Amino acid sequence: MKPQILLKEDLPLLYESLKKKNKVFSVMEKGKGKCVFAETDTFSDPLDAYTPTLLPPKKYLLPQQETLFCFRMGASPSVEENVDVEPQVIFGVRPCDIHAISLLDKTFSLENAENRYLDRRKQTIIVGIDCLHHCDTYSFCETVGTLDVKEGFDILLTDMQSVIPSEAKESHIVEKFFITVGTKKGEEILKEFGKTRDASDAEVEQFNKIHEARKRAFEYRFKTEVANLPLVLAGANEDVTWKELEEICLGCGSCNIVCPTCYCFDVFDNVDLSLNGGERCRQWDACTLKDFAVVATGENFRKSRANRLRHRFNRKFNYLMTKYGQPNCVGCGRCSKVCLVKIDTVDVVNRLIKNKGIGNRE
Amino acid sequence: MPLYIPTLAEIVQVRRLTALEKWFKIRTKDGVSFSYEPGQFVEVSVFGIGEAPISISSSPPPLNPLLTKEGIKGRSTLPSGNGTFEICVRKVGDVTTALHSLEEGAIVGLRGPFGKGFPLSQMKGCDLLFIAGGLGIVPLRSAINYVLDRRDDFSNITILYGAKTPAEILFADELFGWQQRKDIECEITVDKPDSGWAGKSGVITRLIPPLEIDAKRTYALIVGPPVMYKYVLMELGIKKIPEAQIYISLERRMKCGVGKCGHCQINSVYVCQEGPVFSYRTLKFLSEAI
Ligand SMILES: Cc1cc2nc3c(=O)[nH]c(=O)nc-3n(C[C@H](O)[C@H](O)[C@H](O)COP(=O)(O)OP(=O)(O)OC[C@H]3O[C@@H](n4cnc5c(N)ncnc54)[C@H](O)[C@@H]3O)c2cc1C
Ligand code: SF4
Ligand code: SF4
Ligand code: FES
């Protein structure tokens, strides 16, 4: 489908039309500078809620806690899969989070594909919203290559006015979104909605210009090319940075919990009050927590906070990066923002680069 | 494939081995077939308590019926097949304690088998050195019986086993049976002998220096507690066994068994997928492994 144009005043109508058949989660401001994704009854303008949400939209695909299956106990136990998937829309997902969802898609579809995740993913419509200016001081999407997004959304809205208002010479400014259609499902949604029109050649050109122009608003923040990071991390096992962080990091796990690409989990049983049955649940876990790698004999294979943090950084910029050919960090900056002791991801990476002596970028 | 949903299996036989360990024979329900290789593990569920990774301790039956006939001679247990297999569980926490409370006929949940076992077929014609510390005999027993069932396929076989005390020796009948056999060497040592103990005492590493090893044609298969590996590897290094011919099984925390939950990771490696058995050549490059 050709790119579409949607008048800004019609955006609430798109929201309403999606709501007819789906549960809709959208982003809204909750207190100053604090945005969240939540189930909404009425339209909430994603343009107003600009900074990354406290928790990423991942929570609708990999819930913080969920039931894997139910069981009956006693002499003849039985198990029954718990299926709780319904059509849903995540409305107003930023490029970094779209990239993060694409990474989760890889995790759960390659090698031992996980139906739970994939079924939910299939039932999920993603309405993306483009970023035209830098959201807050912690993020670094352009650095890890996640500002531009080509797939992973059903439709992507780009505000056609935000960057170059000076070009809107007429007194009456037509406020509109440029819609990139990412999937067949996205096309169907727009056809059913019926209130968009094909973008003109001039509008396509304007969109390209906006995309080109916005780059100036984003800076590259690592001191070396991203592609060098696996090498930097692989050679940094004994780096003094980890020893310094050992003294600072609380091992609280917050950086994992807010991360859109973290997916590790714990598994446990919950028993009904009747004691006849229960459910096996999983819950987000965090590799920076003390007990993450403890075995029953008491051995802890990553005893120090520094080793656990080192593991986390290696997952982002070495282990999974080597596996998937791109960082497993989308630069949303949530981890740096949430950290009580102000451990900043970009800063840590740059310290490792500097100590390795290969900082070739300023 | 529902990755996390166990099938049901029945405990068909239970035996207490020591104060802390029990042996179970388990059969899949409704004739669900179950095939495995020595060194693999299963996830066993006690519903309402949880799930734990446990090594398979029996050995898969030989495919060739002739081999079966030959192999059973001089062997104290039959190979497990047709959906049955054996495990041995040490009581240390919630799930393992719950397993200990189960009796014959009880139903448990089962997932797996998972992971990669010992590459025994690649060791054909070679000398094998098995080194088991404590509970490490549980998975190694699978490999040992597999090899004994196919005795002619392998050259010299040496088994070293170390336990803390005589009372903690696992599969004692089988071990003493192996000591009687003329076609294999089997040495047992205990850290702390008691008055009735006539065998060797001292740590297991002491059994290695006296061995005559043809390093080039020897494979070492080692399973034991984490502390054991460093010292055993040092001794094997002195014997010049090539690192690629040393296989080690590692224990890590495991929640899923299918490469998703992240708990078992050593550096970039998922132990539940690429292990639990690794060659030392692989492990050497993993800073968090040993
Ligand atoms: C591949 C593999 C094969 C194995 N094979 C066998 C086998 O053949 N036989 C066998 O007996 N065992 C085996 N194990 C070990 C077995 O999986 C554990 O003993 C079992 O998972 C313990 O579960 P549990 O619920 O009984 O113990 P838990 O209740 O989980 O804990 C046991 C002990 O550890 C402590 N503990 C638990 N969690 C933590 C934590 N987060 N931090 C600190 N301490 C903690 C508890 O306080 C308790 O004392 C194997 C493990 C692996 C990975
Ligand atoms: S880096 Fe910060 S958020 Fe992460 S575990 Fe350490 S203290 Fe907590
Ligand atoms: S590591 Fe930090 S910046 Fe990177 S994706 Fe996770 S939360 Fe965002
Ligand atoms: S046990 Fe979950 S990833 Fe290996």
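Remarks
- Over the protein assembly as shown: helical MRE at 222 nm, DSSP H runs n ≥ 4 each giving -39500 (n - 2.57), nearest 500: -7000 deg cm²/dmol
- Most positive-pole-ward Cα, A:Asn208, A:Met73, B:Leu135, against dipole of the protein assembly as shown from beta carbon charges: B:Leu135
- Aspartates and glutamates whose Cα lies under 20 Å from that of A:Lys20, excluding same-chain neighbours fewer than 8 positions away: A:Glu9, A:Asp10, A:Glu39, A:Asp41, A:Asp45, A:Asp84, A:Glu86, A:Asp154, A:Glu187, A:Glu188, A:Glu192
- Acute angle (nearest 10 degrees) that the helix B:226-238 long axis makes with the longest principal axis of chain B, alpha-carbon atoms: 30 degrees
- Cross-link pairs A:Lys176/A:Lys316; A:Lys58/A:Lys337; B:Lys182/B:Lys230; A:Lys323/B:Lys230; B:Lys200/B:Lys255 - those with Cα-Cα distance over 28 Å: A:Lys176/A:Lys316; B:Lys182/B:Lys230; A:Lys323/B:Lys230; B:Lys200/B:Lys255
- Note that the stretch A:235-334 carries a Kirkwood radius of 15.4 Å, evaluated over its alpha carbons pair by pair.
- A compact globular protein would have a Cα radius of gyration near 2.2 N^0.38 Å; the ratio found for chain A is 1.08.
- If you take the Cα centroid of the stretch A:210-224 and the Cα centroid of the stretch A:50-92, the two points sit 37 Å apart.
- Counts of other chain beta carbons within 10 angstrom of each beta carbon in peptide A:292-304 average 5.
- All other residues whose Cβ lies under 10 angstrom from that of B:Cys261 are scored, Lys and Arg at +1 and Asp and Glu at -1, for a net of +2.
- Pairs exceeding 27 Å between alpha-carbon atoms, taken from B:Lys22/B:Lys192; A:Lys303/B:Lys91; A:Lys195/A:Lys215; A:Lys21/A:Lys184; A:Lys150/A:Lys215; A:Lys8/A:Lys150: A:Lys195/A:Lys215.
- Of all DSSP beta bridges confined to chain A, the antiparallel ones make up roughly 75%.
- Cα-based shape type of chain B, given that a ≥ b ≥ c are square roots of the gyration tensor eigenvalues and the cut on a/c is 1.5: rounded
- Solvent-accessible surface (1.4 angstrom probe) belonging to A:Tyr220, in square angstrom, nearest 10: 60 Å²
- Semi-axis lengths (Å, descending) of the ellipsoid that matches the C-alpha gyration tensor of the protein assembly as shown: 55, 29, 20
- Inter-centroid distance (Cα atoms) of the stretch B:183-229 relative to the stretch A:121-151, Å: 58 Å
- Residue among A:Asn237, A:Asn314, A:Asn256 with the largest mean-square fluctuation in a Gaussian network model of chain A, springs linking Cα atoms under 10 Å: A:Asn237
- Size of charge dipole - the stretch B:120-249 - debye, nearest 20, with Cβ of Lys, Arg +1 and Asp, Glu -1, no other charges: 260 debye
- Coordinate range along principal axes, alpha carbons of the stretch B:132-290, Å, largest first: 47, 35, 30
The values are calculated or read from the model by the stated rules, or taken from the named source; none is laboratory data. Quantities reported herein were computed from a predicted structural model and do not represent experimental measurements. Please note: Cβ atoms are built from the backbone with ideal geometry, for glycine as well, and neighbour counts cover all protein chains shown. What goes into the accessible areas is simple: the full protein's heavy atoms, side chains included, and nothing from ligands, DNA or RNA. Shrake-Rupley method; radii C 1.70, N 1.55, O 1.52, S 1.80 Å.
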